[in-house]
Amino acid sequence: MADETERADDAAAKLTEAEARERLADLAAALEAANRAYHQDDAPEISDADYDALKRENAAIEARFPNLKRSDSPTEQVGAAPAEGFSKITHAEGMLSLANAFDDADVTDFVAGIRRYLGLAPEAPLAFTAEPKIDGLSLSLRYEGGALVSAATRGDGVTGENVTANARTIDDIPTQITGAPDVLEVRGEVYMSHADFAALNERQSAAGTKTFANPRNAAAGSLRQLDPEVTRARPLRFFAYSWGQVSAQLAPTQKQAIARLEKLGFQTNPLTRRCETLDEMLAQYATIEEGRATLGYDIDGVVYKLDDLALQDRLGLRSTTPRWAIAHKFPAELAWTRLESIDIQVGRTGALSPVARLTPVTVGGVVVSNATLHNEDYIAGRDAKGGEIRGGRDIRVGDWVQVYRAGDVIPKIADVDLLKRPEDAQPYRFPTTCPECGSDAVREEGDAVRRCTGGLVCPAQAVEKLRHFVSRAAFDIEGLGAKQVEAFHADGWVREPADIFELKEKYGQGLQQLKNREGWGERSAQNLFDAIDERRRIALGRVIFALGIRHVGEVAASDLARHFGTWAAFIDTVDRAAAEPAASAPDAKARRPLLADSPAWSEITGIDGIGEAVAVALATTLSQEAERASVDRLIGHLDIQPPPARATDGSPVAGKTVVFTGTLEKMTRAEAKAQAERLGAKVSGSVSAKTDILVAGPGAGSKATKAAELGIETLDEDEWLALIGRGDG
Ligand code: I6G
């Protein structure tokens, strides 16, 4: 996993800002579609590993370009989109959120503001509770007559998802309580302990299913399962910290109310304290922060609440946050350490990536000894446009540097302490030759990254290319992963992809040679040859992706495969494009007037989703002599298959916008919508000029009138079913 994360990071470091923006948009759409397929349609379209890889790539790009983080960023989604499988529950009392304090001064202001609001003198007594803020998922449990009747997630604070059946499977949540008010909504946090999280991920990974990035995602993903038996098998816990609707007050103070919840059978946090002064509040914050690493579950701050409930009532709410409570957040996970050296790693496309080797330091409970330094500009204190970062401070070997971890991605260097810089520290000189093969490493105009020009001569590039070639979305040969292919390369058995398909011929006689190698027995050797043979027949999209050409990711490869259908059509067009005038233009501006004389080039860039960067990469890479010879040799071993038909291929409604109105008699509205979407239609709730088809049942009103005015095709339910091939006849 660390390797994959690092690779995602390396890839992100190579993107320009424009490429990153475009890629983030693609990833948001792809992940949204995958979430919908998994959570709403219950029909995953991509493997969990591919899903995780997309998420990792997204996180890496966001970490590299925080300013490009989208408002609908997939990293903000805690595991699951609201699933249609869950009905909705409107909270009897809104589920609020908390305002944040980021330092002691904010907490001082919070207390002073309350005193002002209540007209209290500075010396008048005013007590608060202080307790850890659990990093989990808020849940509201409704009890009536002592019985648990519903459980709902926070949702948007007004309406949440009905997860009652799942909540009933959690040991910490009693289904029956005695001595409670007739109506009682208990609120708190569902979470997973570190130990349970690690064990769950181990089980998931052993079973080849999706692992979770952190305990919070694991808790959210486990609670929002359509099958409660899945939730039952997940080790979820619950701390009660608050309440919503109650038919009778629980107690006069916050502390006593929490004690009452505990008496009713709920777990409450043992670190909750009553504090009589601001100093006591801050001391409790320090105590909790100090013990954070030993708690065994994630917390992200301390919550202070005014203790007197009558005063809480007087203070009331701002729009969505109570005036009487605040969350004092812990600072980001940061640590200072010494930069011992800078190593340069060479990637598949020849990119030179600097890696900081650090004196090991603990950052948020994890020992860190490596961090990314992105590229040479980053080390020099410049951004890609030449502007200053870190106030222009460069990073030198020997410096004290600040390391931070954001979520799950590879650690980064945030800052450097110039006061501690050794006198003899020298500005870092980024290599201009490849440390692996000695070839020139050049940086092209507009590229943030310096690249080795050695191509296949460079062993580092060759190995990275091979690792990519056998990766899951490429050839995915069972028994031939990154480790094995690296070993074969080191021994000179596999220098380029075609060698994989000649392994048996060259080294497989009697299996003796392979059998004699470490880790291989007769059975595994035979299995490997069988798995390789199986992959001779392979889809065009996988082949194009497996070549590891810059900018040609899985999506672009699949778009190209879909457009060309065969390898011959693809390579013929690329060859013609490489010979056309557009291919030798230095940039997009110079290329424009040449397009009229470049039909093959225009065909490639005219494919939906394929831009100039892809066309340039295809034309230049596949016209390099050595590279091309290697590709041709590979193709000679393969039986390349056209892409499979899409479920929506041939659908009469693919790409159309459909509106359903009136009563449907043969299916529910939800079913009609799901069916239309499966066929590639977009279902909208309102009629506009963009609507292609209105399906109107009895009782259709203004939508039918508007559609008629706009001249939009209107079908009744039977006509619609006939159109999509589901008619009775
Ligand atoms: O999101 C929250 C976390 C912890 C809370 C909260 C809390 O108390 C320990 N308390 C309240 C009242 C709210 N949110 C709204």
Q) Could you say which residue among 141, 137 is modelled with pLDDT under 95 and either within 16 Å of the ligand (Cβ to nearest atom) or within 25 Å of residue 287 (Cα to Cα) (or both)? A) 137
Q) Would you pick out the residues in region 139-162 that are touching a Lys or Arg at 6+ places or on another chain (Cβ under 7 Å) and over 17 Å from residue 239 (Cβ atoms)? A) 149, 150, 159, 160, 161, 162
Q: Select from region 290-347 the residues that are within 15 Å of the ligand (Cβ to nearest atom) and part of a helix (DSSP H, G or I) and write down the one among them that is farthest from residue 258 (Cα to Cα).
A: 315
Q | Considering residues of region 166-219 that are among the hydroxyl-bearing types (Ser, Thr, Tyr) and within 21 Å of the chain's Cα centre (by Cα) only, the residue nearest to the ligand (Cβ to nearest atom) | A | 191
Q) Hey, residue 162 hits all of (1) open to solvent by 10 Å² or more (accessible area, probe 1.4 Å); (2) within 16 Å of the ligand (Cβ to nearest atom) but one; which does it fall short on? A) (2)
Q) Using beta carbons and a limit of 9 Å, which pairs, at least six apart or on different chains, have the first residue in region 317-336 and within 30 Å of residue 400 (Cα to Cα) and charged (D, E, K, R) and the second one in a strand (DSSP E or B) and within 12 Å of the ligand (Cβ to nearest atom)? A) 329/100; 329/133; 329/300; 329/301; 329/302
Q.
Any residue in region 356-384 that is at pLDDT below 90 sitting within a Cβ distance under 7 Å of a residue that is open to solvent by 10 Å² or more (accessible area, probe 1.4 Å) and among the polar types (S, T, N, Q)? List the pairs, counting only those 6 or more apart or interchain.
A. 360/369; 384/16
Q) Could you say whether any residue in region 60-72 is outside any helix (DSSP H, G or I), of a type outside the set (Lys, Arg), at pLDDT below 75 and within 16 Å of the ligand (Cβ to nearest atom)? A) no
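Considering each of 490, 474, 441 in turn, give the residue that is hydrophobic (A, V, I, L, M, F, W, C) and in contact with a His (Cβ under 8 Å, 6 or more places away or on another chain).
Numbers: 490 fails: in contact with a His (Cβ under 8 Å, 6 or more places away or on another chain); 441 fails: in contact with a His (Cβ under 8 Å, 6 or more places away or on another chain).
Result of the check over 490, 474, 441: 474.
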Q: State all residues of region 94-111 that are within 16 Å of the ligand (Cβ to nearest atom) and among the hydroxyl-bearing types (Ser, Thr, Tyr); if no residue qualifies, say none.
A: 97
Q: Within region 454-477, track down each residue that is farther than 18 Å from residue 502 by Cβ and at pLDDT below 90.
A: 454, 455, 457, 472, 473
Q) Taking only pairs six or more apart or across chains, which ones have beta-carbon atoms under 8 Å, a first residue in region 233-255 that is over 21 Å from residue 127 (Cβ atoms) and open to solvent by 40 Å² or more (accessible area, probe 1.4 Å), and a second residue that is of a type in the set (A, V, I, L, M, F, W, C) and assigned to a loop (DSSP other than H, G, I, E, B)? A) 237/170; 237/192; 245/92
Q: Search region 208-220 for residues being small (Gly, Ala, Ser) and assigned to a loop (DSSP other than H, G, I, E, B), and hand back the single one that is most open to solvent (accessible area, probe 1.4 Å).
A: 208
Q: Looking only at region 426-461, count how many residues are farther than 18 Å from residue 349 by Cβ and either in contact with a Cys (Cβ under 7 Å, 6 or more places away or on another chain) or crowded, with 16+ Cβ neighbours inside 10 Å (or both).
A: 1
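Are any residues in region 150-159 within 15 Å of residue 222 (Cα to Cα) and within 16 Å of the ligand (Cβ to nearest atom), and if so, which ones?
Looking only at region 150-159, we keep the residues that are within 15 Å of residue 222 (Cα to Cα), and these are 151-153.
Matches in region 150-159: 152, 153.
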(Q) Suppose the filter is open to solvent by less than 60 Å² (accessible area, probe 1.4 Å) and assigned to a helix (DSSP H, G or I); does residue 613 pass it? (A) yes
Q.
Restricting to region 379-418, count the residues that are out of contact with any strand residue (DSSP E or B) (no Cβ under 7 Å at 6 or more places or on another chain) and either open to solvent by less than 40 Å² (accessible area, probe 1.4 Å) or at positive phi (or both).
A. 8
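On the basis of being under 27 Å from the mean Cα position of the chain (by Cα), surrounded by fewer than 17 Cβ atoms within 10 Å (Cβ to Cβ) and more than 30 Å from residue 284 (Cβ to Cβ), does residue 357 make the cut?
On the way: under 27 Å from the mean Cα position of the chain (by Cα): yes; surrounded by fewer than 17 Cβ atoms within 10 Å (Cβ to Cβ): yes; more than 30 Å from residue 284 (Cβ to Cβ): yes.
When the stated conditions are applied, residue 357 passes them.
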Q) Just for region 221-232: of the residues that are buried (at least 21 other Cβ atoms within 10 Å of the Cβ) and part of a loop (DSSP other than H, G, I, E, B), which one is farthest from the ligand (Cβ to nearest atom)? A) 225
Q | Subset of region 538-588 that is closer than 18 Å to residue 631 by Cβ, assigned to a helix (DSSP H, G or I) and charged (D, E, K, R) - its residue that is most open to solvent (accessible area, probe 1.4 Å) | A | 576
Q. When you go through (1) under 30 Å from the mean Cα position of the chain (by Cα); (2) open to solvent by 60 Å² or more (accessible area, probe 1.4 Å); (3) within 29 Å of residue 116 (Cα to Cα) one by one for residue 329, which number turns out not to apply?
A. (2)
Q: Scan region 165-184 for residues that are surrounded by fewer than 21 Cβ atoms within 10 Å (Cβ to Cβ), part of a strand (DSSP E or B) and in contact (Cβ under 8 Å) with a residue 60 or more places away in the chain and report the count.
A: 1
Q. Which of the following residues is touching a residue at least 40 places away in the same chain (Cβ under 8 Å) and surrounded by fewer than 16 Cβ atoms within 10 Å (Cβ to Cβ): 464, 496, 502?
A. 502
Q: Could you please give the count of residues in region 253-289 that are in a strand (DSSP E or B) and not polar (S, T, N, Q)?
A: 3
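The values are calculated or read from the model by the stated rules, or taken from the named source; none is laboratory data. Not measured: the values here are computed from a predicted model. Using ideal geometry, Cβ is built from the backbone for each residue, glycine included, and neighbour counts are taken over all protein chains shown. With ligands, DNA and RNA removed, areas are computed over all heavy atoms of the protein, side chains included. Shrake-Rupley method; radii C 1.70, N 1.55, O 1.52, S 1.80 Å.
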